[in-house]
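The values are calculated or read from the model by the stated rules, or taken from the named source; none is laboratory data. The model shown is predicted, which means the values in this text are computed figures rather than measured ones. With ideal geometry, Cβ positions are generated from the backbone for all residues, glycine too; neighbour counts draw on all protein chains shown. The accessibility values were calculated without ligands, DNA or RNA, using every heavy atom of the protein model including side chains. Shrake-Rupley method; radii C 1.70, N 1.55, O 1.52, S 1.80 Å.
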Amino acid sequence: MTLNLLDTAPPDGEGSVQVALDPNDKIKGAKVFAVYGKGGIGKSTTSSNLSAAFSKLGHRVLQIGCDPKHDSTFTLTKKMMPTVIDVLETVDFHSEELRPEDYMFEGYTGVMCVEAGGPPAGTGCGGYVVGQTVKLLKQHHLLEDRDVVIFDVLGDVVCGGFAAPLQHADNAIVVAANDFDSIFAMNRIVAAINAKAKNYNVRLAGVVANRSAATDEIDRFSEAIGMKRLAHFADLDAIRRSRLKKCTLFEMEDSPEVEQAREEYMNLARKLWAGVDPMEAKPMKDRDIFDFLGFE
């Protein structure tokens, strides 16, 4: 795989200086989703439960965590896994010496799990890490038998690690709460997705409302920019406790609220598998979103 800066590649959105990945490393044959949202909004919880739902529908799923803190998949595997960067470092970055079982682990309902990890703070680009992870998976033919690939992406909108999954994904999903900070971040994320969509196949699928009793502000904002809500997960204590218990929502004790949330995840998986119409949302300027979401 050849890594170039975009001064030697086709323009990747106005003003972009992200790492460009070799188009030959495109993931083929699977439906690929990238999950985005501000830090701490519940992207990993959403991704893991969505992976479990896809698996329960009979699909072969791979979840790739794209955050240096590498906690995307521990509710599926019940442990913090070594990252791709960790295991590459043990062999002095000679990838040919690695085996798939060194960095890929089977989790709940057969979901395969990989944590890309990240470079030490201040020393490298997260986009390079994502690229190396996909390259390694392709070298070991681990993407050929997957139906669904989910990238769980870190929350920093300006980082190359944020942008790199968009070069592989078919659809980008934004997770947001019904509050100003989440919606402000969502607006920025939509702008980033639009920039990548100029040169890649990725399209905006919509927003998942998370940790929110209501969705009025999310819905009002979505309507204003041309986006739709895909699902809604209330701020349930059972979802919070599932992270503490290192398990998915599907393994928690039954209750009406838990069963309703499980079915919402199953419906979300069905909807995404069937295909959603790509959205051409038009994000607001920062100044405008302050006025739009401000109190009268």
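Check Arg60: other-chain or 5+ apart residues with amide H under 5 Å from its amide H, H built from backbone geometry?
When sequence neighbours closer than 5 places are left aside, the close amide H contacts are Asp147, Val148.
Let's test this: bin the Cα-Cα distances of region 26-82 at 5 Å from zero up to the farthest pair and state each bin's percent.
The distribution over region 26-82 is 4, 17, 28, 25, 18, 7, 1, given as percents.
If eta is 1.306 mPa s and T is 10 °C, what Stokes-Einstein diffusion coefficient results for region 42-150, Kirkwood Rh from Cα pairs, in µm²/s?
114
Given a 1.4 angstrom probe, what's the average accessible area per residue across region 63-105, in square angstrom?
Averaged over the residues of region 63-105, the accessible area is 47 Å².
For region 210-273, which GluC sites (Glu not before Pro) are in a loop by DSSP, counting at most 14 other Cβ atoms within 10 Å? Before the final figure, lay out each step's value.
Working: sites: Glu217, Glu223, Glu251, Glu253, Glu257, Glu259, Glu263, Glu264; in loops: Glu253.
Of the GluC sites (Glu not before Pro), the ones in loops of region 210-273 whose Cβ has at most 14 other Cβ atoms within 10 Å are Glu253.
For Lys285, what accessible surface area do you get with a 1.4 Å probe? Give it in Å², rounded to 10.
Lys285 has an accessible surface of roughly 150 Å² with all protein chains in place.
Heavy atoms only, 1.4 Å probe, whole protein assembly: order His168, His94, His141 by accessible area, highest first.
Descending accessible area places them as His141, His94, His168.
Taking region 246-296, which chymotrypsin sites (Phe, Trp or Tyr not before Pro) meet the DSSP loop condition and have no more than 16 other C-beta atoms within 10 Å?
Answer by residue number: Phe295.
Please report the net charge: other residues with Cβ closer than 15 Å to the Cβ of Ile239, K and R +1, D and E -1.
Overall, the nearby charge balance is -1.
Calculate the radius of gyration of the Cα atoms of region 163-270 to one decimal place, then report Dmax, the largest Cα-Cα distance, as a whole number, both in Å.
Using the Cα atoms of region 163-270, the pair Rg, Dmax is 15.2, 46 Å.
Name the long-range amide H neighbours of Val208: under 5 Å, sequence gap of 5 or more, or other chain; modelled H, no Pro or chain starts.
HN-HN under 5 Å from Val208: Val174, Val175, Ala176, Leu230.
Step through the residues of region 143-151 one at a time and calculate ³J(HN,Hα) from phi using the Karplus curve (6.51 cos²θ - 1.76 cosθ + 1.60, θ = phi - 60°), rounding each to whole Hz and writing x for Gly and Pro.
The phi angles translate into 9, 6, 10, 9, 8, 9, 10, 10, 8 Hz.
Which sequence of Leu236, Leu136 reflects their accessible areas, 1.4 Å probe, from the largest down?
Working: Leu236 25, Leu136 5 Å².
So the residues, ranked largest to smallest area, are Leu236, Leu136.
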